[in-house]
Amino acid sequence: MNIYSFLDGQPTWSMACSTFKQFQKVQNSSENQLKKYDAIVIGAGHNGLTNASYLAKAGLSVAVMERNPYIGGATVSRELHEGWTYSNCSYVCSLLRPEITRDLQLPRHGLQVVPYGGGTTFMQNGDHYGSYHDHERQFREMARHSNRDANAYERYSADVLKQTRLIRPFLLKTPPDPTSLKLRDLHDLADFAGAFLEMGEEGLADTIRFWTKSVADYLGEYFETDVIKAHMAGSGIIGTALGVFSPGTAYVLLHHYMGEVDGNVGAWGFARGGMGAVSAALAKSFQAFGGEIICDANVDRILVKNGKATGVALKNGDDYHAPIVVSNL
């Protein structure tokens, strides 16, 4: 059973519903049999909670169904052994868009993100290579190992940032359906295609190269020093279950440049209290808009009538009804 604890007023990890109920309006599934809502969201992960918060903010009555006794999905902090908690899935913040943070007032609900200063790779000869968010300091560290690589870093950063500028405008847009003939989808597809056409032939070739190459091959086009390439290659394979020579892993580098913390593009940060603090802040925001989180609610199937979703059926036999059903799974 998880606990809901505080460190200087900040939630330190994800909470069990029975304990969270002392602080927030979280209910057990048996307390809400046959209740009707405007919308039901399946899964209390960070995406589901974000979606539910926006629906509730728009004035809809919303319930989030979570099969676990705690919320968070991949944004959880759990107790490994007594008195010590850790983020056991996602572990850093960057791609949580600032627009969402502002819209849902997450700092007001307890979220604090501490900037991530950098990392270190230790070498067998006793030396090390460090990475820093500060550009000048990063340049000096690279020059300590290779002047050529330090000079190439400017070109590398500029090339990756070009890809960032391509993608960032689309991060908050609904992806268009390429099979749809609706005007909105056709318009969005035209916008997306236009962004590529504006690059010109050379820019388009660079983009295809970036999105299809392995991270090892891509970094090899800029850098010569093994420790520098090894250190940077980790950003191309993390969370992918792939190797540095796998095609397409260069693209993953983009994730480390298109996020931001406190307005610093490309920065990363740690949520104070672990990643469970992200889901805790989202839950508080959602509930401040009148939403309900129902834990131990294992959805068995989506109810459908005349081709339209009408609610969900739980494995314990309870039914919940809503004309809108969103799956976070």
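None of the figures in this text is laboratory data; all of them are computed from the coordinates on show. Since we're looking at a predicted model, the values are computed, not measured. Cβ coordinates were reconstructed from backbone atoms using ideal geometry, including for glycine residues, and neighbour counts include every protein chain displayed.
Within the same chain, lysines fewer than 8 places from K315 are excluded, and of the rest, those with a Cα less than 22 Å from its Cα are K35, K36, K305. Taking amide H positions as modeled 1.01 Å from N, with prolines and chain starts lacking one, the residues under 5 Å from F270 and 5 or more places away or on another chain are C93, V114, Y116.
For the chain, averaging the sequence separation of C-alpha pairs within contact (under 8 Å, six or more residues apart) and dividing by the residue count gives a relative contact order of 33 percent.
Sorted ascending by nearby beta carbons within 10 Å, beginning with the fewest, S246, S94 become S246, S94.
Tell me the mean residue ellipticity at 222 nm calculated for the chain from its helices only (DSSP H runs of n ≥ 4, each -39500 (n - 2.57), averaged over every residue, nearest 500).
Details: 10 runs with 113 residues, N = 329.
Taken over the chain, the calculation gives -10500 deg cm²/dmol.
Positive end of the dipole of the chain, charges at C-beta (+1 Lys, Arg; -1 Asp, Glu), about the Cα centre: which of I294, L96, A195 has its Cα farthest in that direction? Highest projection toward the positive end goes to I294. Pairs from the list K182/K308; K173/K308; K213/K284; K57/K182 with a Cα-Cα gap above 31 Å: K213/K284. Comparing D300, D177, D262 in a Gaussian network model of the chain (Cα springs below 10 Å), the most mobile by mean-square fluctuation is D177. Averaging Cα coordinates gives a centre for segment 159-204 and one for segment 39-62; these two points are 27 Å apart.
Of the labelled figures (1) 24; (2) 42; (3) 28, only one reflects percent of Cα pairs over 32 Å apart as derived from the coordinates, namely (2).
3J(HN,Hα) along segment 165-181, derived from phi through the Karplus expression 6.51 cos²θ - 1.76 cosθ + 1.60 where θ = phi - 60°, amounts to 5, 5, 8, 3, x, 9, 5, 9, 9, 6, x, x, 8, x, 8, 8, 9 Hz, with x in place of Gly and Pro.
When only C-alpha pairs under 8 Å and at least 6 residues apart count, what is the relative contact order of segment 52-174, in percent? Walk me through the numbers before you get to the answer.
On the way: 66 pairs, mean separation 11.6, N = 123.
Over segment 52-174, the number comes to 9 percent.
Backbone amide hydrogens, once placed in the peptide plane, bring S90 within less than 5 Å of V76, excluding anything fewer than 5 places away on its chain.
Here I42, I293, I208 are placed in order of increasing Cβ neighbour count within 10 Å, fewest first, which gives I208, I42, I293.
Considering only alpha-carbon pairs that sit under 8 angstrom and 6 or more positions apart, the relative contact order computed for segment 176-294 is 17 percent. For segment 282-306, backbone nitrogen atoms closer than 16 Å to the point 7 Å from K315 Cα along Cα-to-C-beta are found at 295-302. As a rough footprinting exposure proxy, the listed residues R108, R67, R209 were ranked by other beta carbons within 10 Å of their own, and the order from fewest upward is R108, R209, R67. The calculated pair-distance distribution of segment 37-188 uses every alpha carbon pair, bins of 5 angstrom beginning at 0, and gives 2, 6, 9, 12, 14, 14, 12, 11, 9, 6, 3, 1, 0 percent.
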